[in-house]
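All of the numbers you see were taken from the coordinates with simple rules; none came from a lab. What you see is a predicted model; the values in this text were computed from it and never measured. Note: ideal-geometry Cβ built from the backbone for every residue, glycine included; neighbour counts use all protein chains shown.
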Amino acid sequence: MNRKEWARIHTHIHTLHSDGDNSLLEMAKAHGDRGFDAFYVTDHNTTSAMTEAVAVKDKTGVTILPGVEYTTFYGHILSYGGFLADWTELSPMTLTVFLDKIKGEGEVSGIAHYHCLGYPVCTGCRFEFDGSGTDHDKLTGFDTMEVWHGDRESWDVNHHLWTELLNRGQQITALAGLDAHTIEEVKNSCFANLVKIDPALPLEESIPVGLKKGALVLSRRELLDFNVQVDDISCSMGDIYKGRKAPGEGRITINCQVAPGNPTEDTGGKYSFMVVTNRGRAKVCSFSWEETDSQGEFSWTGTMGALTGSGDKLLWLHVELSREDYFSREIRAITNSVYFA
Amino acid sequence: MKKYSFSLTPADHKTHRSLPFTVIPGQTKLLLTVDYSPKVIENRGLFNRMVDREAVHLSLEEREKLKRLGVDQSWTLSNLLSLTLISPRGVAGCAHRSDNHQIIEIGEEFATPGFFPCKPERGEWKLIVSVSSLYEEAQVEIVIGERNHE
């Protein structure tokens, strides 16, 4: 795995331009110190921090990408790209029109912290555009959603919703949303989004392409990728397989780099690859740090048919990496999906 | 100079109030001062009643847990108004922050964070006051002034 083909980013960061405690420059320095390549600045209902983006990148080397968090009374909606609409026009009645409008401007839309405490603790923090979970049809216009956000219970609820939307045939990209309002939150963050990029392009161009496509891994540290090969058709995260042959006749290769950039980090316990589809889950192999190569990499290849089972039409497939010891099992990374037409 | 004074009640929660004003030819800066009070409502009983009334998606057990969490973490209820400026060209910025005393300044060289620096375009503008949270009646005073070269 070539690390230059990956960018480490956060997708949900606030500054003094809304209710953050720190300036854009301070947030960028904190990201640089933690080895991040870039982040989307997503202040509440404004993109004004971007007026400082060029100068901040010059000083820190960290790329600042434009976004906004539309902070409504009924939920928070992320929008990536730099277009700014009047958020006061956004309500459950106007959601579809609003999403069409921003997507018409080339924006990538996202559900922010679906599961969260709402009013009276925090108006709008709980996502209620879908009637508090009663009408998921309202969510069909979203490109992304934050799956890793908040506490463990929220991760589980968000993950459940993500799976449900995928099962309904929606191509929706999972994100790890830090939602940082302080540099301390950046310094203490325990996850990142790893976006596949074209190293020949500037990050300002290649990261939005990867985000829009869904070529992105939610990761605590490890690089994780996979590829589905059916005859001469090769698909990776975000791709749609449209071949004539049944995908079950193909092969899947999973690659992982356990401790990219820092092999001294804790790498104990057993790692496992899990292939997840709308038909179910299958653990495909386990390995330990000692079994990785000199770069800390481990690869596994197997036949698709044995993993994807049968039954409903195969709609999507992604991969999880977990690590377990005597006491616990922890998800370390989740890829986004390959879709099957 | 234009001045708006009004009160908001909990019935205004989750509503927007649009306050129009005019930028005259030659005006080089905008200055808005926004004050509202009270900010913090020190009323634990109110918080608990709000949880019972509003957090209907939670089970009884979860609501009691939330109330205990409120005590443990010393949560307070705070009134919160968001301020969005709309110019003849569109959104000129937004202040979504907790201070109940805010000064918004917009000029060609400088703008308060949340807003875009620009020479204010002549014509009809509006300040949209969005009532994000209102737990007790609040008094609001907004002064919209012009500032030419100092």
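Annotation: lysines with alpha-carbon distance below 18 angstrom to A:LYS57 (same-chain offsets under eight excluded): A:LYS29.
Only aspartates and glutamates eight or more places from A:LYS270 in sequence, or on another chain, were considered; those with a Cα closer than 18 Å are A:GLU222, A:GLU290, A:GLU291, A:ASP293, A:GLU297, A:GLU320, A:GLU324, A:ASP325, A:GLU330. Can you tell me the orientation of helix A:152-167 relative to chain A, as the angle in degrees between its alpha-carbon axis and the longest Cα principal axis, to the nearest 10? It works out to around 70 degrees. Here each label is just a point 7 Å from Cα along the line to Cβ, and for A:ARG220 and A:ARG34 those points are 1.6 nm apart. Shown is the FRET efficiency for A:ALA282 and A:LYS4, computed with R0 = 35 Å from the Cβ-Cβ distance and rounded to the nearest 0.05: 0.65.
Given +1 at the Cβ of Lys and Arg, -1 at the Cβ of Asp and Glu and no other charges, the dipole of region A:59-217 around its Cα centre is 320 debye to the nearest 20. Applied to region A:41-53, the Karplus parametrisation 6.51 cos²θ - 1.76 cosθ + 1.60 on θ = phi - 60° returns per-residue 3J(HN,Hα) values of 8, 10, 5, 6, 6, 8, 10, 5, 4, 5, 5, 9, 4 Hz, with x for Gly and Pro. Across every direction, the projection of the convex hull enclosing the Cα atoms of chain B has a mean area of 10.0 nm².
What is the angle, in °, between the Cα long axis of helix A:203-213 and the longest principal axis of the Cα atoms in chain A? Nearest 10 is fine, range 0 to 90. Between the helix axis and the principal axis of chain A, the angle is about 70 degrees.
Measuring between their Cα centroids, region B:109-127 and region A:43-100 lie 18 Å from each other. In the calculated pair-distance distribution of region A:183-341, the portion above 21 angstrom amounts to 49 percent of the Cα-Cα pairs.
In terms of overall dimensions, the C-alpha atoms belonging to region A:1-96 reach 45, 32, 19 Å along their principal axes, ordered largest to smallest. Suppose R0 equals 30 Å; then what is the FRET efficiency for A:ASP266 and A:THR182 from their Cβ-Cβ distance, rounded to the nearest 0.05? For R0 = 30 Å, the calculated efficiency reads 0.70. The Stokes-Einstein estimate for region A:81-213, based on a Kirkwood radius over Cα pairs and taken at 20 °C with 1.002 mPa s viscosity, is a diffusion coefficient of 133 µm²/s. Just to be sure I follow: if Rg is taken over the C-alpha atoms of chain A and Rh is the Kirkwood radius over the same atoms, what is Rg/Rh? Checking Rg against Rh, the ratio lands at 0.96. By DSSP, the beta bridges lying fully in region A:1-97 are antiparallel in about 45 percent of cases.
Taking every residue in B:106-116 and counting other chain Cβ atoms within 10 Å of its Cβ, the average works out to 4. Remark: mean inter-chain Cβ contacts per residue of B:127-134 equal 4, using a 10 Å Cβ-Cβ cutoff to other protein chain atoms. Counting neighbouring beta carbons within 10 Å and listing from fewest to most, the residues A:SER154, B:SER37 come out as B:SER37, A:SER154. Legend: calculated FRET efficiency, A:ASP86 to B:SER7, from the Cβ-Cβ distance at R0 = 22 Å, rounded to 0.05, equals 0.30. Averaged over the residues of peptide A:66-72, the number of Cβ atoms from other protein chains lying within 10 Å of each residue's Cβ is 2.
Note on region B:64-116: percent of Cα-Cα distances in each 5 Å bin, starting at 0 and stopping at the bin with the largest distance, equals 4, 16, 19, 15, 11, 10, 8, 8, 6, 3, 0.
Phi angles across region A:273-282 convert, under the Karplus curve 6.51 cos²θ - 1.76 cosθ + 1.60 with θ = phi - 60°, into 3J(HN,Hα) values of 9, 10, 8, 10, 9, 5, 8, x, 10, 9 Hz, Gly and Pro given as x. Computed from backbone phi, the HN-Hα couplings of region B:45-56 come to x, 5, 4, 5, 5, 5, 4, 5, 7, 9, 8, 6 Hz, rounded to whole numbers (Karplus: 6.51 cos²θ - 1.76 cosθ + 1.60, θ = phi - 60°; Gly and Pro given as x).
Looking at this model, which pairs from A:LYS4/A:LYS242; A:LYS212/A:LYS283; A:LYS283/A:LYS313; A:LYS213/A:LYS313; A:LYS138/B:LYS67; B:LYS14/B:LYS39 are more than 24 angstrom apart at the alpha-carbon?
A:LYS4/A:LYS242; A:LYS212/A:LYS283; A:LYS138/B:LYS67
Each Lys and Arg Cβ is given +1 and each Asp and Glu Cβ -1; about its Cα centre, the protein assembly as shown then shows a dipole of about 620 debye.
Counted residue by residue at 0.36 nm each, then reduced by the alpha carbon distance between them, the extension gain from B:HIS16 to B:LEU58 reaches 12.4 nm. Full extension of the chain segment joining A:SER132 with A:ALA246 gains 37.3 nm, where the gain is 0.36 nm per residue of separation less the Cα-Cα distance.
Against chain B, whose longest principal axis comes from its Cα atoms, helix B:60-72 is set at around 60 degrees.
Cross-link reach is defined here as a Cα-Cα straight distance under 19 Å, omitting same-chain residues fewer than 8 places apart; for B:LYS3 the aspartates and glutamates meeting it are B:ASP35, B:GLU105, B:GLU124, B:GLU141, B:GLU146. Annotation: region B:1-46 has a Kirkwood hydrodynamic radius of 14.3 angstrom, from the mean reciprocal C-alpha pair distance.
Note on region A:150-212: semi-axes of the ellipsoid equivalent to its C-alpha gyration tensor, largest first and rounded to whole Å, are 24, 21, 7. If only the Cβ of Lys and Arg carry +1 and only the Cβ of Asp and Glu carry -1, the dipole of region A:1-125 around its Cα centre is close to 440 debye.
Only one residue of B:ILE24, A:SER91, A:THR277 has its Cα farthest out toward the positive end of the dipole of the protein assembly as shown, where Lys and Arg carry +1 and Asp and Glu -1 on Cβ, and that residue is A:THR277.
When all alpha-carbon pairs of region B:32-106 are counted, what percent fall beyond 20 Å?
For region B:32-106, the share of Cα pairs beyond 20 Å comes to 50 percent.
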